[in-house]
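**Student:** Handing you this structure, nothing more for now.
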Amino acid sequence: MSKIRGRGEAVRNFILANVKEHPSDIVKIAMAKFECSRQAIHKHIQHLIEEGAVTETGTTRNKRYALAPLVECDLSFEIDPQLAEDIVWDREVAPKLGLMADNVKSIWYYGFTEIFNNAIDHSSGTHISVHISKTAAETEIAILDNGVGIFKKIQHALGLLDERHAVLELAKGKLTTDPSRHSGEGIFFSSRMFDDFAILSGEVIFSHHFGKKEDWIFQAKQGGAGTFVTMKLNNHTSRTTKKVFDRFSTGEDYGFTKTVVPVELAQYGDNNLVSRSQAKRLLARIDKFKVVVLDFEGVRSIGQAFADEIFRVFPLAHPNIALQHLNANKEVMKMILRALHHDA
């Protein structure tokens, strides 16, 4: 009996996990997955509809299914000295999210309080809006402030030429415009904890998907004021905050000592990575880490001066930093080896 109950739960969990991507053919997909009849799958879907987890539209074979919103609400806050992220979480957000596994709740607490606090302390805005959406499968929280915009603020604070350069700095981690009050780790780790994490600010979109090596940077079709952050997480993930922190620590040191730098973010459009100034921009602030991994995914080629600055000049000046690289194609690897063996 328990085996039957367990299989039924597996079928329903599969439907919940896949119905968003397969609204019209989820029955067919589930039939193939579990090798059972259409009637059996329909029975499970009907069970989910009765529970309020799934909605049904259309008739006969034109039916479409979707996750039902269990929670859908908007919250609004004026930024003032009394506004505190932990109080907002305890009084407003956590009660609306309802029961969650401890590891899931811990991720949401970390991500929400970090992003909300950034809006309070750094946005220079007057207002914060929060949207919460929860289904049986996943939860999404969006936080919007009406401030100056995170990328523009980083650009001005670091004297960068382009807002997009701010994304590269954000991807490295340990970035803060107010070191006396913040470590600069919050946004970085938040972006690594969620299934989907994105920031829209000005004309730039920064996006990270869990399990993907790279961060993504896009040009927004229409720029907006302030900073808009979205975080999405599966309600039943086995991920923990500790697992994420451990990925970026080294040895017995559980501090934030390791970073993976997406080299591709240093190039825009048709700009090739050839100059020492581009290399220096890529290497800015990485002396804060013990291990630096340069990810060359998506980089077709690099110039001799660029490679020399990174792989010969920088290590000579910073012998205590372990500089590693990965995902380099043959052309890139040839330049790296040339720099490494320059004095050989």
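**Student:** How large a share of the accessible area of the stretch 46-108, in percent, is made up of carbon and sulfur atoms when the probe is 1.4 Å and the other protein chains stay in place?
**Tutor:** Numbers: 1940 of 3980 Å².
The computed percentage sits at 49.
**Student:** Out of the stretch 62-109, which trypsin sites (Lys or Arg not before Pro) are coil in DSSP terms and have no more than 12 other C-beta atoms within 10 Å?
**Tutor:** none
**Student:** Can you pull the one-decimal nm distance between simple spin-label points at Asp162 and Glu78, each 7 Å off the Cα toward Cβ?
**Tutor:** 4.1 nm
**Student:** Among Met100, His127, Thr227, which residue has its Cα positioned farthest towards the positive end of the charge dipole of the chain, with +1 placed on the Cβ of Lys and Arg, -1 on the Cβ of Asp and Glu, and the dipole taken about the Cα centre?
**Tutor:** Comparing the listed Cα positions along the dipole, Met100 ranks first.
**Student:** Also: With a 1.4 Å probe and every protein chain left in place, work out the accessible area per residue of the chain in Å², rounded to a whole number.
**Tutor:** Each residue of the chain exposes 52 Å² on average to a 1.4 Å probe.
**Student:** Right, here's the next one. Run the numbers for Asp25 and Glu9: contour at 0.36 nm per residue of separation, minus the present Cα-Cα distance, in nm. Please report the intermediate quantities before stating the final value.
**Tutor:** On the way: separation 16, 0.36 × 16 = 5.76 nm, distance 1.96 nm.
Between Asp25 and Glu9, full extension yields an extra 3.8 nm.
**Student:** Let's see if you can work this out: charge +1 on each Lys and Arg Cβ, -1 on each Asp and Glu Cβ, no other charges. What is the dipole magnitude of the stretch 1-93 about its Cα centre, in debye to the nearest 20?
**Tutor:** Details: 13 positive and 15 negative charges, 270 e Å.
Magnitude of the dipole: close to 1300 debye.
**Student:** For the chain, what is the charge dipole size about the Cα centre, in debye to the nearest 20, if Lys and Arg each add +1 at the Cβ and Asp and Glu each add -1 at the Cβ?
**Tutor:** Approximately 1280 debye in magnitude.
**Student:** Multiply the residue separation of Leu340 and Arg276 by 0.36 nm, subtract the distance between their alpha-carbon atoms, and state the gained length in nm to one decimal.
**Tutor:** Once the chain is fully extended between Leu340 and Arg276, it gains 21.5 nm.
**Student:** Compute the acute angle (0 to 90°) between the alpha-carbon long axis of helix 330-340 and the principal axis of greatest extent of the alpha-carbon atoms of the chain; round to the nearest 10°.
**Tutor:** Its long axis makes an angle of about 40 degrees.
**Student:** In addition: Toward the positive end of the charge dipole of the stretch 22-127, about the Cα centre and with charges on Cβ (Lys, Arg +1; Asp, Glu -1), which of Thr60, Ser24, Ala84 goes farthest?
**Tutor:** Thr60
**Student:** Which of (i) 165; (ii) 179; (iii) 191 is the computed volume of the Cα convex hull per residue in Å³ for the structure on display?
**Tutor:** (iii)
**Student:** Could you list the GluC sites (Glu not before Pro) in the stretch 35-94 that lie in coil according to DSSP, counting only those with at most 13 other Cβ atoms within 10 Å of their Cβ?
**Tutor:** Here the GluC sites (Glu not before Pro) that fit, given the DSSP loop and packing criteria, are Glu35.
**Student:** I would also like to ask the following. Calculate, in nm to one decimal, what Lys212 and Thr240 gain on full extension: separation in residues at 0.36 nm each, minus their alpha carbon distance. Write out the running numbers ahead of the final one.
**Tutor:** Working: separation 28, 0.36 × 28 = 10.08 nm, distance 1.73 nm.
Extending this stretch completely gives an extra 8.4 nm.
**Student:** Here's another thing I want to ask about it. Using only DSSP helix segments of four residues or longer, with each worth -39500 (n - 2.57), what per-residue ellipticity at 222 nm results for the chain after dividing by its residue count and rounding to 500?
**Tutor:** -11000 deg cm²/dmol
The values are calculated or read from the model by the stated rules, or taken from the named source; none is laboratory data. What you see is a predicted model; the values in this text were computed from it and never measured. Cβ atoms come from the backbone with ideal geometry, glycine included; neighbour counts cover every protein chain shown. SASA here: full protein model, heavy atoms, side chains in, ligands and nucleic acids out. Shrake-Rupley method; radii C 1.70, N 1.55, O 1.52, S 1.80 Å.
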